[in-house]
Amino acid sequence: MNGIVPLMGLLGLGAGCGLALLVRAGRPSANANSPLRPRRQRERRRHAGRWLVIAGGIGLLVGAITGWVVGGLLAAMAGWTLPRILASGTTERERTARIEGIAGWTEMLRDTLAAAAGLEQTILATAATAPEAIRPQVADLAARLDGGKHLPAALRHLADDLADPIADLVVAALMLASEHQARQLASLLGELAATARAHVEMRYRVEASRTRTRTTMRVVVITTLTFAGALILFNPQFLAPYDFVAGQLILLLIGGLFTAAFVWLRHMARIEEPERFFTGLETTGHAPGTVRQEVT
């Protein structure tokens, strides 16, 4: 019986990995090397691939040590999800910095346009001094314009690269100005910059109020994993009942309860974002007229 349990654990992990690969293969995806795919999405997929391998290795190691099918699967799930849960504050801070960078660049555009510069010349002039949080995306926009790409198409690329609702508002204003020669663009950009600044202040207030929740979440996660690891390493006799089928079912129930609790804590510490209205415009190949109708 003791020799069969580790084999069952490895077989269960293999079946779970195979199912995950089948689900991933069934999803429609564009060419990974396509220039239409946003840079952030490509980086996220590469990062997810590395963590998938690490999580699978953690699951195999735990399954081999304990001989538990459910334990290996739960360990793999923990290796996949816990880094995101523990780094949730970092993600929110990066998003806040990006919105603040959008506000700063919008103000730069407004001030440069006030000097009677054209829109494309304004974008090229601000590319080198754009806020650091969005400087690579603005530099790519300037490079596309230097390469002869039309401004509306280049701005749609910028919206996909930034992937932010506030950025969509700024891009929509620039697109309308490039196609309709808007005369009040400078004042409109000033209002959008003020809106972005207000959004950043709101996020800072929400972030400060949820810091305690994130700290509690990290303490609970780290304490739980430390306690479980200590039991496995130093007191395996206490966990002997989990070697049998009934024990595995109970372990599955316990793991499900902890998973639901961690997801709930993560949801409590998360700032809800408004939906974007520029999603998919670059990849669906809309004509400029269609894009103009959707923006308005």
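Okay, here's what the table says:
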read-out: Qualifying residue in segment 204-216 (condition: closer than 30 Å to M108 by Cα, in contact (Cβ under 8 Å) with a residue 40 or more places away in the chain and of a type outside the set (A, V, I, L, M)); value: yes
read-out: Pick from segment 219-242, criterion polar (S, T, N, Q) and in a helix (DSSP H, G or I), ranking: modelled with the lowest pLDDT; value: T224
read-out: Single unsatisfied condition, R210 versus (1) open to solvent by 40 Å² or more (accessible area, probe 1.4 Å); (2) in contact with a helix residue (DSSP H, G or I) (Cβ under 9 Å, 6 or more places away or on another chain); (3) at pLDDT 90 or above; value: (3)
read-out: Qualifying positions in segment 138-164 - under 25 Å from R93 (Cβ atoms) and open to solvent by 20 Å² or more (accessible area, probe 1.4 Å); value: A139, D140, A163
read-out: Which listed residue, of A127, A114, is farther than 30 Å from V206 by Cβ and either open to solvent by 20 Å² or more (accessible area, probe 1.4 Å) or aromatic (F, W, Y) (or both); value: A114
read-out: Residue within segment 94-116 that is without any contact (Cβ under 8 Å) to a residue 60 or more places away in the chain, among the β-branched types (V, I, T), under 19 Å from D168 (Cα atoms) and touching a helix residue (DSSP H, G or I) at 6+ places or on another chain (Cβ under 6 Å) present; value: no
read-out: Qualifying position, being among the acidic types (D, E), over 30 Å from F244 (Cβ atoms), at pLDDT 75 or above and crowded, with 18+ Cβ neighbours inside 10 Å, among E120, E94, E100; value: E100
read-out: Qualifying residue in segment 193-200 (condition: farther than 16 Å from E92 by Cβ, touching a Lys or Arg at 6+ places or on another chain (Cβ under 8 Å), in contact (Cβ under 8 Å) with a residue 40 or more places away in the chain and in a helix (DSSP H, G or I)); value: yes
read-out: Pairs with Cβ under 7 Å, 6+ apart, first in segment 227-242 and free of Cβ contacts under 8 Å to residues at least 60 places away in the same chain, second in a helix (DSSP H, G or I) and of a type in the set (G, A, S); value: P241/G247
read-out: Residue under evaluation M175, criteria (1) within 23 Å of the chain's Cα centre (by Cα); (2) under 20 Å from E275 (Cβ atoms); (3) open to solvent by less than 20 Å² (accessible area, probe 1.4 Å), criterion not met; value: (1)
read-out: Members of segment 160-178 found to be in a helix (DSSP H, G or I) and either free of Cβ contacts under 8 Å to residues at least 40 places away in the same chain or more than 15 Å from L192 (Cα to Cα) (or both), listed by number; value: D160, D161, L162, L169, A173, S178
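The values are calculated or read from the model by the stated rules, or taken from the named source; none is laboratory data. In this text, all values refer to a predicted model and were calculated from it rather than measured experimentally. Virtual Cβ from ideal backbone geometry, glycine too; neighbours counted across all protein chains shown. SASA here: full protein model, heavy atoms, side chains in, ligands and nucleic acids out. Shrake-Rupley method; radii C 1.70, N 1.55, O 1.52, S 1.80 Å.
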